[in-house]
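None of the figures in this text is laboratory data; all of them are computed from the coordinates on show. Predicted model only: the values in this text are computed from it and were never measured. Every residue, glycine among them, receives a Cβ derived from its backbone with ideal geometry; neighbour counts consider all protein chains shown.
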Amino acid sequence: MDSLKIVMEYFDKMSELENKLYTVKCNPDSESHLLPVQECCRVCNSKICTIICPAGVYEWDEDAQKLVVNFENCLECGACRIACESCSLGWEYPKGTKGVTFKQG
Ligand code: SF4
Ligand code: SF4
């Protein structure tokens, strides 16, 4: 398969995913359930959480040298917890009735 075809398939899949994200309901908590250790993030080479998260929860702020966490958008898939380069990311489910509700489950 040539590289253009792979890229086009990737963008098709991302577009499907973005459409599906509109079907997810969320009742965000007032406090973050995702707690990165900022000292680890500052020296993290990959910042893989900013790439792997399907909901774009993490953003690296170069000026502030800080990982910004838009926890309200979290889909609770757990990928960032597994992928975290230093295994330092604090991760819990949101409390009680807070967090995400999927239409079919
Ligand atoms: S992968 Fe882990 S250590 Fe690296 S920026 Fe993300 S949360 Fe921080
Ligand atoms: S659990 Fe999934 S959706 Fe939530 S921040 Fe981590 S990668 Fe993103």
Legend entry - Spans of helices (runs of 4 or more DSSP H) in the stretch 16-103 with at least 2 residues surrounded by 14 or more Cβ atoms within 10 Å (Cβ to Cβ) and either touching a residue at least 60 places away in the same chain (Cβ under 8 Å) or under 13 Å from the mean Cα position of the chain (by Cα) (or both): 49-52, 79-83
Legend entry - Unique match (being among the acidic types (Asp, Glu) and within 8 Å of ligand 2 (Cβ to nearest atom)) among GLU76, GLU59, GLU85, GLU31: GLU76
Legend entry - Test: residue in the stretch 74-90 that is at positive phi and within 11 Å of ligand 1 (Cβ to nearest atom): yes
